[in-house]
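Heads up, the thing below is written out as structure tokens.
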Amino acid sequence: MIVGKNLRVLVVDDSVVYRMMISDVLSQLHGVEVVGTAHNGRAALAKVAALKPDLLTLDIEMPVMDGLAVLTEMARRFPRVGIIMVSASAGEGGKKTIQALERGAFDFVLKPGEVSHGENREKLRQGLAPIVRNCARMLEIRSILGKRSD
């Protein structure tokens, strides 16, 4: 997805169910490679340094270090990594999602809350697929523009 290579994604969520579901959905998208997962923000930052992903999917509400704190650190330490927020609610989570977008997140996806695992997976796929494609394109353009300014 990024000029001849797969888009490398790190999935960050404190819920093992959502880490697995997001990873599975992303792994099925053409040109996407899930390079790892993390269960909190602090672990995510360590894995970003080691795995060098192009993109993070990032939960907002997590123990140890929440998504907003991760965004602040990512902007400082890894500004070229794209970030898609994954939010569980439209209430307080919605306010935090807006804050995340203001801090540089590319976009957000609402975590589905259906009864069926299959329905949740499909809604997540429908939400993530176009955003991942758009983010990959943005990262590709950034890369091209960055090479021209060298």
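The values are calculated or read from the model by the stated rules, or taken from the named source; none is laboratory data. Everything quoted here is computed from the prediction, not taken from an experiment. Reconstructed Cβ throughout: ideal geometry from the backbone, glycine too, with neighbour counts over all protein chains shown. The accessibility values were calculated without ligands, DNA or RNA, using every heavy atom of the protein model including side chains. Shrake-Rupley method; radii C 1.70, N 1.55, O 1.52, S 1.80 Å.
With N denoting the number of residues in the range 37-83, provide Rg(C-alpha) divided by 2.2 N^0.38 Å, to two decimal places. Mind dumping the intermediate values first?
Working: Rg = 9.3 Å, N = 47, 2.2 N^0.38 = 9.5 Å.
Its radius of gyration relative to the 2.2 N^0.38 Å reference: 0.98.
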Could you work out how far the C-alpha centroid of the range 103-142 sits from that of the range 37-102, in angstrom?
-> 14
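Counting Lys +1, Arg +1, Asp -1, Glu -1, what net charge surrounds residue 7 among other residues with beta carbon under 11 Å of its beta carbon?
+1
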List the pair-distance distribution P(r) of the range 37-115, using every Cα-Cα distance, as the percent of pairs falling in each 10 Å bin from 0 up to the bin containing the longest distance, rounded to whole percents.
-> 20, 56, 21, 3
Lysine pairs within the chain, Cα separation less than 30 Å, 8 or more sequence positions apart or different chains = 20
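Would you kindly calculate the translational diffusion coefficient of the range 1-56, applying Stokes-Einstein with the Kirkwood radius from alpha carbon pairs, for 10 °C and a viscosity of 1.306 mPa s, and quote it in µm² s⁻¹ without decimals? Spell out each step's value before the answer.
Details: Rh = 11.3 Å.
Rounded, D is 141 µm²/s.
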Calculated from DSSP helices alone, with each H run of at least 4 adding -39500 (n - 2.57) and the total divided by the residues of the chain, [θ]222 nm to the nearest 500 comes to -17000 deg cm²/dmol
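In Å², and per residue, what accessible area does the range 3-131 have when probed at 1.4 Å with the other protein chains present? Mind dumping the intermediate values first?
Numbers: 6220 Å² over 129 residues.
For the range 3-131, the solvent-accessible area averages 48 Å² per residue.
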Please report, as a whole percent, how much of the solvent-accessible surface of the chain comes from carbon and sulfur atoms (probe radius 1.4 Å).
-> 54
Show the residues, 5+ positions off or on another chain, whose built amide H is closer than 5 Å to the amide H of residue 32.
-> 7
log₁₀ of I(q)/I(0) at q = 0.08, 0.12 Å⁻¹ - the chain, Debye sum with one point per alpha carbon = -0.20, -0.45
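Cβ under 12 Å from residue 78's Cβ, residue 78 left aside: what net charge do those residues give with Lys, Arg +1 and Asp, Glu -1? Don't skip to the answer; put the middle values down first.
On the way: positive: 47, 52, 76, 77, 80; negative: 54, 73.
Neighbourhood net charge equals +3.
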Counting Lys +1, Arg +1, Asp -1, Glu -1, what net charge surrounds residue 87 among other residues with beta carbon under 9 Å of its beta carbon?
-> 0
